[in-house]
Amino acid sequence: MARSSRIPGFHQMTVEERIRAVQEFADLTDDEVAILGRSAVLGMETAQRMIENVVGTFELPLGIVPNLIVNGREVLIPLAVEESSVVAAMANAGKMARSGGGFFASTSGPIMIAQVQAVGMSDPFAAKIRILERRDEIIAICNEQDPVLVGLGGGCRDVEVRVLDSSVGPMVVTHLIVDTRDAMGANAVNTMAEALAPHIEKWTGGRVFLRILSNLADRRLARARCVVKKDAIPPGPHVIDGIVCAWAFADTDPYRAATHNKGIMNGISALVVATGNDFRAVEAGAHAFAARTGRYRPLTKWEKNADGDLVGSIEMPLAMGIVGGATAVHPMAKLALKILGVTRATELAEITAAAGLCQNLAALRVLAAEGVQKGHMKLHAKNIAMMAGATGDEIEQVAERMIRGGKVRMDVAREILSELRKA
């Protein structure tokens with residue numbers, strides 16, 4: 001009999017009932033079922049308040065990156081990531097950057113944009129002016145929606161209106177410019193946009209469809225820079241030319257830029273996840289910003305100064321918060337924020353930008369020197385060894401023999417493991 005994923009009342013079931021339904025559908029063993037329904041840190045009760053249809057939680061390794069200095073302050077960086085070498089690489093690059101005083105970072109402030117889309121007007125440009133004439137009224141309507149945010153010094157700051165020519169006719173798009181303070185701000189700006197929608201329809205005679213935030217948070221930029229002294233980059237100063245050349249490749253070719261920026265996001269997304277922030281929003285904003293000139297380009301720049309030292313910089317949107325959302329309910333996210341020692345969302349964004357620049361430094365140095373596989377394979381070999389069934393001291397032995405033989409593969413790992421156990 002064919003199985004159906006149509007399970008009436010699934011959302012109303014208890015966790016145990018949902019797990020039994022999944023077990024029956026997917027033929028899970030009792031050992032596999034035992035993995036579901038338990039949570040070491042988050043707790044099933046909290047998990048069920050965060051999303052729907054919960055059957056378990058999903059863990060990632062949490063690593064700590066030492067060695068970073070950001071704006072003169074020593075920081076430890078918690079990263080939640082599954083990819084080998086990300087933590088070690090950032091720690092190594094952070095040590096190099098200490099030669100120039102570490103990382104210096106700033107932000108443009110915690111400003112988010114909400115969009116209200118109106119269509120069906122015969123006079124879109126006049127409608128734009130009618131909306132702008134009510135700027136003060138719009139700001140008042142928006143700020144009535146969140147008196148707590150206003151009391152903290154935030155709230156709607158300004159109004160912008162654009163007329164867009166689209167395949168379905170002209171659109172009048174109103175932007176609400178909102179200071180969200182220490183929150184990421186999605187709920188706050190969406191609520192304001194919803195409240196404004198009927199007024200826009202009345203003033204323009206059009207029909208409002210979308211009213212939602214933009215993840216291209218280009219009013220919420222984070223920036224970081226560093227100077228790495230030429231004598232602090234192994235194996236020597238000659239690598240600097242290779243790093244600058246590698247960056248120039250990314251600046252010229254979107255195929256390379258995509259991988260270049262992925263390396264940056266290795267550090268940024270791992271920190272965003274660790275702090276309970278929305279990594280999908282951050283990644284969407286980052287890649288949209290990278291393409292803002294009409295060509296997809298790297299988020300960083302690398303140069304050589306007059307002294308022959310390496311100079312790096314990064315600028316990108318970083319919509320992150322330290323209150324609300326998962327940051328307020330996830331025990332590990334709260335712990336990560338405490339480890340970082342941040343008290344403001346802007347400070348978190350500054351450290352995150354520095355982490356992205358640091359991770360990029362690590363990747364480019366490896367690419368310009370020994371190549372990415374040499375260091376990466378050391379950790380990857382351990383993963384392959386574990387997948388082959390190695391445990392305890394066997395993991396190191398299998399990994400070492402694979403690397404020495406130049407073949408890091410599952411079949412090789414199993415063969416070596418068999419030989420070890422026979423011996």
request  = Tell me, please, whether a residue that is of a type in the set (A, V, I, L, M, F, W, C), touching a residue at least 60 places away in the same chain (Cβ under 8 Å) and surrounded by fewer than 24 Cβ atoms within 10 Å (Cβ to Cβ) can be found in the range 216-225.
outcome  = yes
query = Can you name the number of the only condition in (1) aliphatic (A, V, I, L, M); (2) closer than 21 Å to Ala286 by Cβ; (3) touching a Phe, Trp or Tyr at 6+ places or on another chain (Cβ under 6 Å) that Val244 fails?
reply = (2)
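Do you know which residues across the range 320-373 are small (Gly, Ala, Ser) and either farther than 18 Å from Val273 by Cα or in contact with a Pro (Cβ under 7 Å, 6 or more places away or on another chain) (or both)?
Our first condition is that a residue be small (Gly, Ala, Ser); within the range 320-373, this holds for 321, 324-326, 328, 333, 336, 341, 345, 349, 353-356, 362-363, 368-369, 371.
Matches in the range 320-373: Ala336, Ala345, Ala362, Ala363, Ala368, Ala369, Gly371.
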ask   = Out of all the residues in the range 382-407, which are at pLDDT 90 or above and not in a helix (DSSP H, G or I)?
value = Ala388, Gly389, Ala390, Thr391, Gly392
ask   = Going through the range 279-310 one residue at a time, which ones are surrounded by fewer than 19 Cβ atoms within 10 Å (Cβ to Cβ) and of a type in the set (Asp, Glu)?
value = Glu283, Glu303, Asp307
Some residue of the range 322-332 being surrounded by fewer than 24 Cβ atoms within 10 Å (Cβ to Cβ), of a type in the set (Gly, Ala, Ser) and at pLDDT 95 or above = no
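Considering each of Leu164, Leu196 in turn, give the residue that is free of Cβ contacts under 8 Å to residues at least 40 places away in the same chain, more than 30 Å from Ile233 (Cα to Cα) and outside the structural domain of Gly285 (by TED's automatic domain parsing).
Only one candidate passes the filter, namely Leu164.
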key: Selection count where residues are assigned to a helix (DSSP H, G or I) and either among the polar types (S, T, N, Q) or under 30 Å from Phe58 (Cβ atoms) (or both), scope the range 79-129   = 10
message = Of everything in the range 171-197, what is in contact with a Ser or Thr (Cβ under 9 Å, 6 or more places away or on another chain), part of a strand (DSSP E or B) and over 14 Å from Ala217 (Cα atoms)? Give them in sequence order.
response = Val172
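From the list Val412, Val398, Val366, pick out the single residue that is touching a Leu at 6+ places or on another chain (Cβ under 6 Å) and either over 30 Å from Cys245 (Cβ atoms) or assigned by TED's automatic domain parsing to the domain that holds Val86 (or both). Outline the logic, then answer.
Details: Val412 fails: touching a Leu at 6+ places or on another chain (Cβ under 6 Å); Val366 fails: touching a Leu at 6+ places or on another chain (Cβ under 6 Å).
Going through Val412, Val398, Val366 in turn, the sole match is Val398.
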request  = Might you let me know whether the range 130-138 holds any residue that is more than 20 Å from the chain's Cα centre (by Cα), of a type outside the set (Asp, Glu) and in a loop (DSSP other than H, G, I, E, B)?
outcome  = yes
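Of all residues in the range 391-412 being of a type in the set (A, V, I, L, M, F, W, C) and within 20 Å of Ser85 (Cα to Cα), which is surrounded by the most Cβ atoms within 10 Å (Cβ to Cβ)?
From the range 391-412, those of a type in the set (A, V, I, L, M, F, W, C) are 395, 398-399, 402-403, 408, 410, 412; that's our starting set.
Then drop every residue that is not within 20 Å of Ser85 (Cα to Cα), which leaves 395, 398-399, 402-403, 408, 410.
On the way: Ile395: 19, Val398: 26, Ala399: 24, Met402: 23, Ile403: 16, Val408: 20, Met410: 11.
Within the range 391-412, the match that is surrounded by the most Cβ atoms within 10 Å (Cβ to Cβ) is Val398.
Is one or more of the residues making up the range 168-178 in contact (Cβ under 8 Å) with a residue 60 or more places away in the chain, over 27 Å from the mean Cα position of the chain (by Cα) and farther than 18 Å from Ile111 by Cα? Explain how you work it out, then say what you get.
Filtering the range 168-178 for residues in contact (Cβ under 8 Å) with a residue 60 or more places away in the chain gives 175-178.
In the following step, the residues that additionally are over 27 Å from the mean Cα position of the chain (by Cα) were identified as none.
Checked against the condition, which is being in contact (Cβ under 8 Å) with a residue 60 or more places away in the chain, over 27 Å from the mean Cα position of the chain (by Cα) and farther than 18 Å from Ile111 by Cα, the range 168-178 yields no hits at all.
So that you can scan it fast, the table gives a plain yes or no per residue for (1) without any contact (Cβ under 8 Å) to a residue 40 or more places away in the chain; (2) surrounded by fewer than 14 Cβ atoms within 10 Å (Cβ to Cβ); (3) more than 30 Å from Thr107 (Cβ to Cβ); (4) not assigned by TED's automatic domain parsing to the domain that holds Ala349:
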{"position": "Ala21", "(1), (2), (3), (4)": "yes, no, yes, yes"}
{"position": "Glu24", "(1), (2), (3), (4)": "yes, yes, yes, yes"}
{"position": "Thr29", "(1), (2), (3), (4)": "yes, yes, yes, yes"}
{"position": "Val33", "(1), (2), (3), (4)": "yes, no, yes, yes"}
{"position": "Val55", "(1), (2), (3), (4)": "no, no, yes, yes"}
{"position": "Asn67", "(1), (2), (3), (4)": "yes, no, no, no"}
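The values are calculated or read from the model by the stated rules, or taken from the named source; none is laboratory data. Keep in mind the model is a prediction, meaning the values are calculated, not measured. Here Cβ is always computed from backbone atoms with ideal geometry, including for glycine, and neighbour counts include all displayed protein chains.
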